[in-house]
1. Remind me, relative contact order of segment 30-108 in percent, using alpha carbon pairs under 8 angstrom and six or more residues apart?
2. Among Ser185, Ser16, which comes first, then next, by fewest other beta-carbon atoms within 10 Å?
3. Quick one: if the Förster radius is 41 Å, what FRET efficiency do Val137 and Ala107 give, using the C-beta to C-beta distance and rounding to 0.05?
4. Taking the Cα centre of the chain as the origin, how large is its charge dipole in debye, to the nearest 20, when only Lys and Arg (+1) and Asp and Glu (-1) carry charge on their Cβ atoms?
5. For the chain, what does the relative contact order come out to in percent, with C-alpha contacts under 8 Å and a separation of six or more?
6. In the neighborhood of Phe40, defined by Cβ-to-Cβ distances under 15 Å, what is the net charge if each Lys or Arg adds +1 and each Asp or Glu adds -1?
7. Based only on Cα atoms, what mean projected area does the convex hull of segment 1-156 have, in nm²?
8. Which parts of segment 99-137 would a label at Asp166 reach, counting a residue when its backbone N lies under 20 Å from a point 7 Å out along Cα-to-Cβ?
Amino acid sequence: MTTEPRFIVLVGPPGSGKGTQAARLREILHLPHVASGDLFRENLKNQTPLGLQAKAYMERGDLVPDDVTIAMVMERLRRPDCANGAILDGFPRTIAQAEALDEALAARGQRIAVVPYIAVPDEVLVERIGGRRLCRVCGRAYHIRFNPPRQPGICDVDGGELYQRDDDRPETVRQRLKVYWEQTSPLIDYYRRRGVLVEINGDQPIEAVTEELRAAITA
Ligand code: ADP
Ligand code: ADP
């Protein structure tokens, strides 16, 4: 294992498998998993001022404003467990967020090591998001067909109840995919120009995607 800081940014549309893969990579790489969507959902659950600010945007499938999002993620990255790197999932999602991240890391004498772009066709995404279920306790993602729990409706790890996210319903999913193509996909070129982008085929079984990611990250 290298001791050099490793900041890995997973880019990909909603449903591409970022959360699923980040949870697996975290075990392999021993790095914390920083997921902006999870941080927002935590805040919503605890009814914090930040959660209340984010709620309406999330319900519509729109992005939460950059200033709020950047402040939340930067606070997370300043904690000691992120001193030697992190797996970022769902952040950045705009060019302004990417620039803020670059600046914050540069101020620490660090930089992004690699940006895997998990590519998955839109029709597959709609099917994945429609069947996604999350554990109320640990947030782990299952799929009713592609990655089912051992017992329907119950998390394998902690027995928590599985639920469907409100924004995983079809009307909101269409909006989220539109937002992704308009506001987030420009990051692909942004990182390609910086020489850190690696394209990963996300349209294969979960284990095969992890293998491709592992090879790209440790190359
Ligand atoms: P998915 O895993 O399906 O891509 P997330 O859990 O990452 O979805 O995000 C859920 C919602 O949280 C987004 O639709 C958006 O409203 C908000 N959100 C998460 N990350 C960001 C971000 N980096 N910038 C702005 N909004 C975000
Ligand atoms: P993201 O974080 O990018 O929004 P998730 O990791 O939550 O995506 O995955 C979306 C849904 O698709 C979940 O229900 C998950 O179990 C399922 N899934 C993830 N990766 C795969 C895969 N390679 N093949 C089939 N289903 C997958």
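Just so it is clear, none of the values below were taken in a lab; they were calculated from the coordinates. A quick note: this is a predicted structure, and the numbers were derived from the prediction, not measured. Methodologically, a virtual Cβ is constructed for each residue, glycine included, from the backbone with ideal geometry; neighbour enumeration extends over all protein chains shown.
1. On the way: 65 pairs, mean separation 30.7, N = 79.
RCO, segment 30-108: 39 percent.
2. Ser185, Ser16
3. Values: r = 36 Å, r/R0 = 0.88.
So the FRET efficiency works out to roughly 0.70.
4. 280 debye
5. It rounds to 29 percent for the chain.
6. Values: positive: Lys18, Arg41, Lys45, Lys55, Arg60, Arg76, Arg93, Arg165, Arg176; negative: Asp38, Glu42, Glu59, Asp62, Asp66, Asp67, Glu75, Asp89, Asp166, Asp167, Asp168.
Here the count lands on -2.
7. 9.9 nm²
8. The answer is 129-137, whose backbone nitrogens lie closer than 20 Å to the label point.
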